[in-house]
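The values are calculated or read from the model by the stated rules, or taken from the named source; none is laboratory data. All values reported here derive from a predicted model rather than from experimental measurement. Neighbour counts are summed over all protein chains in view; Cβ atoms, including those assigned to glycine, are modelled from backbone coordinates with ideal geometry. Accessible surface areas use protein heavy atoms only, side chains included; no ligands, DNA or RNA. Shrake-Rupley method; radii C 1.70, N 1.55, O 1.52, S 1.80 Å.
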Amino acid sequence: MSAGADQASPHLHVRQAWLALRQEEALEPELPIIDAHHHLWDRPTGRYLLDELSADLGAGHNVVGTVFVQCRTMYRQDGPLALQPVGEVEFIDGIAAESASGRHGPARACAAIVGFADLMLGEAVAPVLDALAAAGNGRLRGIRNTTAWHGDAAIRSNPVPPPPGLLLEPKFQAGARRLPAHGLTLDVWAYHTQLDEVLALARACPDTTIVLDHVGGPLGAGPYRGRQQEVYRHWRAAMQNIAAQPNVCLKLGGLGMPIGGWDFHLLEMPPASEVLATAWQPWIETAIELFSPQRCMFESNFPVDKGMFGYVSVWNAFKRLTAIMSPVERSCLFSGTAQKIYRI
C-alpha cells in the first residue's frame, strides 16, 4: 500500500509490515505514562479500535491510562443533528468499560473522553453537554471542535475542514464559556498561523481550561516547506504570548503529520527514536520552557501519527528529550499533567 494519504483523507496509511522493520526496546519501561491524545476509528482507510490500541499499549511502555479525543467515530445516524455526536461518546464509553475489565491488559484505555459538541450553539449547547455527560458515565472530560484551518489546499489535517475563524466567533466563545459549569475542558487544534486566534479565545474565556493540541501546530508543508526557521520564530513568539495565559496548557506530540513537513514515512525503514528526538528537539524543548512541565503533557496522536513511526519509538523519543529533567518534571510530562487536567 502507498505511503501517501488517501484522497478522501489527509491521514497517512498505517503500514504494519513497514513499521515491523524497526524494533526498539522501550526505554525506562517502569515510567508511568498517560497517553493524553489518541483516536479510535474503523474507516475505509484503516481500523484502529481496542485490539489495535491494546497492542500498542502493551508493546513495552508502562501506559497506565489514555485520553480519547473526538474524531467523528460512530455518530448516531438519526435524531437531532446536535445530538448525533452523543453516539461517539456512547461507543467510546463501551470500549473504556471493556478495557476496565482488565482483559486487554493493565492500561485503562479511554479513561477520559473528549467528545464533540457544536460550540456555535452558544448558550444553547448546555443540553448537548448534559447528554454527552450522561453517555460518558462519568468519563467525559472535555470537548473539541474542528477548528484547524488554512486557506492553502496543501494544508489539510481533517477529512472535513472547518470554516475559517471559528475561534473568534462570539457564539463559539459563548459555548466555550459554558464548559466550566459542566466540569469540561476545551481541546483546541490550530495551526501556528491561527495562534493569535487561540490567544484571543483564551482571553475571552478566562475560566475555561484550554488544552492546545499538537505543540501549537507548526506547519512545514505547502508554502511553509523549507521555511522552518521562519516558522519557528513566528510560532515561538505566538506561543510565548499564549503561555502567559494561565488557563492554557499544551499537548506535546502530533508531529507525525505531513502538514508539519515531516517525511519520516518516505524512509526505507521507520525512524529510530534518536532521529525523532533530534528532529523535534527545538519544538519540544521550547514548548516545555515556555509552558513548564506542570502545563505540558505528552501524546501519541495515534493512529494519525502511526503512518510515520511506531508506538515504542515515539515514547522513546519523548524519554530521550527529557532525560536530563528531574523526576518530578518528567512525572508531570508523562502522566501528572494529564491526570490533573482530565481528572483520571
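Checking the stated criteria, Val211 turns out to be in a strand (DSSP E or B) and open to solvent by less than 20 Å² (accessible area, probe 1.4 Å).
Scanning the range 285-318 for residues being buried (at least 24 other Cβ atoms within 10 Å of the Cβ), without any contact (Cβ under 8 Å) to a residue 60 or more places away in the chain and among the polar types (S, T, N, Q) gives a total of 0.
If you go through the range 81-90 and pick out every residue that is of a type outside the set (Asp, Glu) and open to solvent by less than 10 Å² (accessible area, probe 1.4 Å), you end up with 4. Does Ser326 satisfy the condition of being of a type in the set (Gly, Ala, Ser) and more than 24 Å from His39 (Cβ to Cβ)? Taking the combined requirement at face value, the residue satisfies it.
Tell me the residue from Gly102, Gly94 that is assigned to a loop (DSSP other than H, G, I, E, B) and without any contact (Cβ under 8 Å) to a residue 40 or more places away in the chain, please. Before you say what the answer is, go through the steps one by one.
Numbers: Gly94 fails: assigned to a loop (DSSP other than H, G, I, E, B).
Of Gly102, Gly94, the one residue that is assigned to a loop (DSSP other than H, G, I, E, B) and without any contact (Cβ under 8 Å) to a residue 40 or more places away in the chain is Gly102.
When the range 219-247 is filtered for residues that are farther than 20 Å from Glu289 by Cβ, of a type in the set (Gly, Ala, Ser) and not in a helix (DSSP H, G or I), the ones remaining, listed by number, are Gly220, Ala221, Gly226. Within the span defined as the range 226-239, one or more residues are of a type in the set (Lys, Arg) and surrounded by fewer than 16 Cβ atoms within 10 Å (Cβ to Cβ).
Inclusion of Val211 among residues that are within 13 Å of Leu290 (Cβ to Cβ), in contact (Cβ under 8 Å) with a residue 12 or more places away in the chain and out of contact with any Pro (no Cβ under 7 Å at 6 or more places or on another chain) is not warranted. Among the residues of the range 42-64, are any open to solvent by 40 Å² or more (accessible area, probe 1.4 Å), closer than 19 Å to Asn301 by Cα and touching a helix residue (DSSP H, G or I) at 6+ places or on another chain (Cβ under 6 Å)? Yes, the range 42-64 contains a residue that is open to solvent by 40 Å² or more (accessible area, probe 1.4 Å), closer than 19 Å to Asn301 by Cα and touching a helix residue (DSSP H, G or I) at 6+ places or on another chain (Cβ under 6 Å). Of all residues in the range 149-169, those that are on the phi > 0 side of the Ramachandran plot have Cβ atoms under 9 Å from Cβ atoms of residues that are part of a loop (DSSP other than H, G, I, E, B) and buried (at least 19 other Cβ atoms within 10 Å of the Cβ), 6 or more apart or on another chain, in Gly165/Trp149. Just one of (1) surrounded by fewer than 22 Cβ atoms within 10 Å (Cβ to Cβ); (2) more than 25 Å from Ala279 (Cβ to Cβ) fails for Gly175. It is (1). Among the candidates Asp78, Asp93, the residue that is crowded, with 18+ Cβ neighbours inside 10 Å, more than 28 Å from Lys319 (Cα to Cα) and of a type in the set (D, E, K, R) is uniquely Asp93. Taken over the range 105-127, residues that are open to solvent by 10 Å² or more (accessible area, probe 1.4 Å) and not in a loop (DSSP other than H, G, I, E, B) amount to 8. Looking only at residues in the range 178-190 that are part of a helix (DSSP H, G or I) and either within 12 Å of Leu121 (Cβ to Cβ) or aliphatic (A, V, I, L, M) (or both), the one that is most open to solvent (accessible area, probe 1.4 Å) is Ala181. Filtering the range 319-344 to residues that are outside any helix (DSSP H, G or I) and open to solvent by 90 Å² or more (accessible area, probe 1.4 Å) leaves Ile324, Arg343.
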